[in-house]
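Peer 1: One structure, pasted below without further comment.
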Amino acid sequence: MNLIKALLVPLMVILVTIMLVLVMLMFSPMTAEAGCPQFRNTKTAPSMFQKLDKTTGANKVNGKNLFQKTAKPLACKMCHGKKGDGLGVIGKALTPQPRNFGCSDVMKNISPGQMFWIIQNGSKNTAMTAQNKLKPKEIWDIIKYIREDLK
């Protein structure tokens, strides 16, 4: 009987958590795309990053694989959406919504180096955390995929 009680409490916690996530997703706005342009008070990367661009030697196929499937702890699409529109399964429930990479009004002003810095360090006051499990080469692969295929 004690074993049943010991298993029941964690199971109930898991079920309640799942239910809360589902409710959040049900009542989150379901727009066609995240706003464009999106206002952010994103910290500017240090000057050494501003002109940095290593996308020429990057592997876009690997970037797509990382973005869509294999990046850890979560594939980028979980927040940014399969199309990079900021409407991923998790992204729909976030405030502010993740960056809409298809918004040319915003993306034209974000350098590859700024993207690298944000991916590596995160963005304060958003859900974008530092992606410290990605190697620099993998970050450049993702940036190349975003800039060439998700615009």
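What follows draws every value from the coordinates through simple rules; no lab data is involved. These numbers come from a predicted model, not from an experiment.
Peer 1: Per residue of the stretch 85-93, what does 6.51 cos²θ - 1.76 cosθ + 1.60 with θ = phi - 60° give for ³J(HN,Hα)? Whole Hz please, x for Gly and Pro, Karplus curve as stated.
Peer 2: 8, x, 10, x, 3, 7, x, 4, 9
Peer 1: From the backbone phi of the stretch 102-116, what are the Karplus-calculated ³J(HN,Hα) couplings (6.51 cos²θ - 1.76 cosθ + 1.60, θ = phi - 60°) in whole Hz, Gly and Pro given as x?
Peer 2: Calculated HN-Hα couplings, in order: x, 7, 5, 4, 9, 5, 5, 9, 10, 6, x, x, 5, 4, 4 Hz.
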